[in-house]
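Down below is the structure, laid out as structure tokens.
Here, each number is a calculation from the coordinates, and none is a lab measurement. Since we're looking at a predicted model, the values are computed, not measured. When we count neighbours, we look across all protein chains shown, and the Cβ atoms used for this are built from the backbone with ideal geometry, even at glycine.
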Amino acid sequence: MEVSNKYIHSLYFMITTLSTVGYGDISAKNPTEKIVCIIAMILGVAAFAYVTSTMTDLVQKYGQDTVKLDSNLKLLT
């Protein structure tokens, strides 16, 4: 095995493990497939992180707006 293939294999193993995708029944066999899978896993993790942070931000802003509305209603009554 060439040195570059060893690095690709190591990177594939690391990204697959850290992204919690798992190895499953279908996995990449050659270096080209591994590179494509690495890119796909990184994009998938980035998209998941973006959606999670956006949803968290929306929930947080909703909570702040509710507190402000409650305080304004107390002032009116």
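Computed quantities for the displayed model
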quantity	calculated
Enumeration of residues in region 1-23 that are loosely packed, with under 12 Cβ neighbours inside 10 Å and either within 19 Å of the chain's Cα centre (by Cα) or in a helix (DSSP H, G or I) (or both)	Val3, Ser4, Lys6, Tyr7, Ser10, Met14, Thr17, Leu18, Thr20, Gly22, Tyr23
Qualifying residues in region 30-64 (those that are more than 15 Å from the chain's Cα centre (by Cα) and of a type in the set (A, V, I, L, M)) - the one nearest to Val3 (Cα to Cα)	Ile35
